[in-house]
Each structure stands twice: as structure tokens, then as C-alpha cells.
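The values are calculated or read from the model by the stated rules, or taken from the named source; none is laboratory data. Please read these numbers as outputs of a predicted model, since none were measured by experiment. Please note: Cβ atoms are built from the backbone with ideal geometry, for glycine as well, and neighbour counts cover all protein chains shown. We work out accessible area using only protein heavy atoms, side chains counted, and drop any ligands, DNA or RNA first. Shrake-Rupley method; radii C 1.70, N 1.55, O 1.52, S 1.80 Å.
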Amino acid sequence: MSLNTFGHLFRVTTWGESHGPALGATVDGCPPNVAINTAMLQHWLDKRRPGQNPNMTQRNEPDAVQILSGVFEGRTTGTSIQLMIENTDQRSRDYGDIANTFRPGHADITYHQKYGLRDYRGGGRSSARETAARVAAGGVARAALAQLLPDLQIKGYMTRMGSMALDRSRFDWDAIDGNDFWLPDADAAPEWEAYLKKLRKEKNSVGAVIEVVARGLPAGLGAPIYGKLDTELAAAMMSINAVKGVEIGEGMGAAELVGTENADEIFMGPNGPEYGTNHAGGILGGISTGQDVVVRFAVKPTSSILTPRKSIAMDGTPIEVVTKGRHDPCVGVRAVPVGEAMMACVLLDQLMLHRAQTGALGPVGHIG
């Protein structure tokens with residue numbers, strides 16, 4: 001039984017630990033003849049790479065990806081693709097003091113309760129470093145999607161960091177890549193940075209909300225009941241380290257609406273059905289509508305902080321824990337490219353499933 005694999009036809013298995021020699025992903029089911037090379041994958045990994053600015057962990061990893069199999073002369077062969085990223089800047093000594101204690105908020109205690117042992121060096125498989133492999137696999141998915149759906153765009157950004165919230169009246173799609181927080185409001189970025197800097201000086205951390213949008217997706221992806229597109233997306237996002245909540249479209253906010261507000265009205269446009277609003281997040285009955293698919297997920301504050309927290313040792317005695325090392329004051333900053341990668345993997349998988357069942361890339365039923 002392997003619980004390190006996700007996907008149905010486009011399948012990704014991640015492997016490796018935070019302080020092991022390397023980590024990576026095995027990608028199976030990628031269509032053949034997809035143009036791909038390390039530079040294309042590295043572009044996405046560089047968005048997630050640590051140590052790039054003061055607002056993230058200063059662990060200095062190049063995250064240089066290697067393609068070991070499945071690609072020949074710049075194109076996928078249809079066989080399994082093996083991706084590897086070497087760890088080059090581990091400081092396992094930073095974790096020596098917690099070898100026999102459990103860090104509050106971490107998976108240390110549950111891994112020990114389940115397996116009877118744990119890799120205390122950065123958390124092993126529970127470390128957010130595992131997500132580098134997902135981003136590499138997401139790069140493969142993006143390359144395939146670019147050939148199958150050239151108009152598709154996948155974009156992630158932060159909408160909240162602690163008490164800081166995005167003012168949607170100032171939303172600027174073009175500002176997202178121009179600041180450290182993937183914030184669609186360039187003028188607000190300095191205030192967010194000052195807020196995070198203050199928390200870091202206080203030896204604290206903070207949570208965040210990330211929104212990921214897929215624009216240009218055709219109608220018809222997803223299947224009823226147990227194969228819903230929103231089910232697959234929710235599971236993919238919830239599997240990301242530190243994620244504690246996922247919403248589709250209006251999400252939890254739908255509970256505050258009445259039916260006349262929530263139901264997206266439908267009109268006939270020149271190129272097919274159009275919608276007056278998008279409270280559904282581009283998915284109805286588990287099937288894409290052709291609107292923007294909108295997914296939102298919340299990450300908890302980084303549990304590795306320098307402020308002492310009460311816990312217990314392996315023998316059950318009470319103890320205070322201070323987690324040393326280099327950690328993100330807000331993991332949400334680097335979770336943005338991870339969310340994008342998971343969106344890409346799910347959409348390619350769903351596109352392949354749709355084509356396998358219906359024989360089409362786009363919607364089967366004609367309207368109008």
C-alpha cells in the first residue's frame with residue numbers, strides 16, 4: 001500500500017525527506033511528445049525556492065531539479081519520469097536538542113504514535129520541504145496542459161496573512177509576480193512586510209490564506225458523486241503540509257448567503273453560456289462550468305518558533321521546547337507555487353479522465 005501517490009491517470013509519487021540526501025517525484029501517465037526540459041521545471045521551482053528574500057527561511061537550497069528518465073531529446077516518451085532534487089544545505093545539528101521531545105504543533109508526536117519512531121531532523125516526510133517535489137511534478141503537468149489547453153492560466157496569490165487582508169477593490173492581476181507575497185496589490189506589500197518583520201522579531205509566526213485560480217478551463221471536467229472536480233481539488237490542497245482548510249468558490253461564505261444571492265444566473269452569450277456571478281467557483285455538480293475555477297486554502301502558523309512552548313519528552317516528563325533552525329515566519333509565502341502545482345496536476349489528471357470517458361478535450365453537449 002502506497003500513500004505517497006496521488007492522481008488517477010496522471011499519477012505523482014513523491015519521495016525523500018527534508019534532511020536526507022535528496023527528494024523528488026516519480027511522474028507516471030504523462031502523455032508522450034510533451035516538450036520539456038530542466039529549465040522549464042526550474043522556472044516553477046525557483047518561485048518556491050527558500051532563501052530568496054528576508055520574508056522566508058534562509059535555508060540556502062538551489063532546488064536544482066534533475067530529470068533522470070522519461071524524457072528523450074526534449075520530449076516525454078510516455079514512460080515514467082523520475083525527478084530528483086538534491087538537499088545541499090541541511091543543518092541537522094539544529095534539531096539535536098529535540099531528538100527526545102515533541103514540538104507543539106508538529107507531527108512529531110503523531111508520527112511516533114503511529115510508527116514508533118520519527119525523523120526529528122526537520123520533520124522528515126512531514127516537512128514542507130516535501131512540496132518541492134510537488135512543484136517539480138506540477139511543472140510537468142503545466143507543460144502537458146500548455147499543449148492540450150494553450151489558453152489555460154493557473155495563478156495563485158495570497159489573500160490573507162494574519163490580520164492583513166487583501167482589499168479586493170484594489171485587485172491587480174498583473175501585480176502578483178512583482179512582490180514577495182504574491183499579493184495582487186503592489187501598494188499593500190510594504191505594510192504586509194512590516195507586519196511579518198514585527199512578528200519575526202517577536203519570535204513568532206503567522207498563518208495565511210492562498211487563492212488559486214484556473215482561467216480558461218473548458219466546461220465538462222469532473223464526474224458526478226465520487227469523482228467531483230471540487231473533491232479532487234480539495235483533497236489535493238488539503239494534502240499540502242500545514243493546510244487546515246479548503247474552500248471552493250464562495251466556500252464557507254455561502255452559509256451567509258440566501259438563494260437569490262448564491263445562485264449564479266445563466267445567460268446565452270455569443271460563444272455559449274455565460275454567468276452573471278461565480279459564487280460556485282467554476283464548478284457545479286462536481287463538473288467545471290467553463291468559468292474561472294477558484295480554490296482557497298488556509299495554512300496554519302509555522303510551528304517552529306523560538307518562543308518557548310510547553311510539551312513533553314519521550315518519557316512523558318514536562319518540558320519547554322524552543323525550535324532552533326531556519327524556518328519560514330509565514331509558510332503561506334512559499335505555499336503559493338505549491339497550490340499552483342497541485343491545481344495543474346489535478347486539472348491534467350481530470351482532463352485525461354474526461355478524454356478517456358468521452359473522447360473529447362472540451363464539453364460534449366452542445367448548447368444553443
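Of the solvent-accessible surface of the chain, computed with a 1.4 Å probe over protein heavy atoms with every protein chain present, carbon and sulfur atoms account for 53 percent. Taking square-rooted eigenvalues a ≥ b ≥ c of the alpha carbon gyration tensor, is segment 191-287 rounded, prolate or oblate, where a/c under 1.5 means rounded and, failing that, a/b exceeding b/c means prolate? Since a/c reaches 1.5 and a/b is larger than b/c, the shape of segment 191-287 is classed as prolate. The charge dipole of segment 259-368, taken about its Cα centre with unit charges on the Cβ of Lys, Arg, Asp and Glu (plus for the first two, minus for the last two), comes to roughly 620 debye. Once the Cβ-Cβ distance of ARG215 and TYR115 is raised to the sixth power relative to R0 = 45 Å, the FRET efficiency obtained is 0.60.
Just checking the listed ones, PRO218, PRO184, PRO273: in the Gaussian network model of the chain with Cα springs under 10 Å, the one fluctuating most is PRO273.
If you plug the beta carbon distance of VAL258 and THR231 into 1/(1 + (r/R0)^6) with R0 = 22 Å, you get a FRET efficiency near 0.30. The stretch between ALA186 and ASP172 holds 4.2 nm of extra length on full extension. This uses 0.36 nm per residue minus the Cα-Cα distance. Estimated at 0.36 nm per residue, the fully extended path between ASN204 and LEU68 surpasses their Cα-Cα distance by 44.9 nm. When only Cα pairs below 8 angstrom with a gap of at least 6 residues are kept, segment 183-267 shows a relative contact order of 10 percent. A straight line joining the Cα centroids of segment 219-240 and segment 307-350 runs 24 Å. With r as the distance between the Cβ atoms of ASN33 and ASN271 and R0 = 35 Å, compute the FRET efficiency 1/(1 + (r/R0)^6) and round to 0.05. The value I calculate is 0.75. Could you give each residue of segment 303-315 its phi-based ³J(HN,Hα) in whole Hz, using Karplus coefficients 6.51, -1.76, 1.60 with θ = phi - 60°, and x for Gly or Pro? Each residue of segment 303-315 in turn: 7, 7, 10, 8, 6, x, 10, 6, 7, 10, 8, 4, 8 Hz. Using a cutoff of 8 angstrom between alpha carbon atoms and counting only pairs six or more residues apart, the relative contact order for segment 227-368 works out to 24 percent. Accessible area per residue for the chain, computed on protein heavy atoms with a 1.4 Å probe, is 47 Å². If the chain linking ASP315 and LEU148 were pulled fully straight, counting 0.36 nm for each residue of separation and taking away their Cα-Cα distance, it would gain 54.5 nm. Ranked from largest, the principal axis spans of the Cα set of segment 110-164 equal 49, 34, 17 Å. Placing a pseudo-label 7 Å from each Cα along the Cα-to-Cβ vector at SER80 and LYS324 gives an inter-label distance of 4.0 nm. Note on surface exposure: MET268, MET238, MET252, MET342 rank MET252, MET268, MET238, MET342 by accessible area, highest first, 1.4 Å probe. Build a GNM of the chain with springs between Cα atoms under 10 Å: which of GLU232, GLU250, GLU202 gets the top mean-square fluctuation? It is GLU202.
Contact order for the chain, expressed relative to its length and based on alpha carbon pairs under 8 Å spaced 6+ residues apart, stands at 22 percent.
By the rule of a C-alpha distance below 13 Å, with chain neighbours fewer than 8 residues away ignored, the aspartates and glutamates paired with LYS47 are GLU61, ASP63, ASP177, ASP180, GLU340. Evaluating 6.51 cos²θ - 1.76 cosθ + 1.60 at θ = phi - 60° for every residue in segment 232-240, the Karplus couplings come out as 5, 5, 4, 5, 5, 5, 5, 6, 5 Hz, glycine and proline recorded as x.
Cross-link check: pairs LYS114/LYS197; LYS228/LYS310; LYS198/LYS228; LYS155/LYS197; LYS114/LYS155 evaluated at a Cα-Cα cut-off of 32 Å; pairs beyond the cut-off: LYS114/LYS197; LYS228/LYS310; LYS198/LYS228; LYS114/LYS155. Under 18 Å of direct C-alpha separation, and excluding same-chain neighbours fewer than eight residues apart, LYS244 reaches these lysines: LYS300. Considering helices alone, the calculated mean residue ellipticity of the chain at 222 nm is -8000 deg cm²/dmol, with DSSP H runs of length four and up weighted by -39500 (n - 2.57) and normalised per residue.
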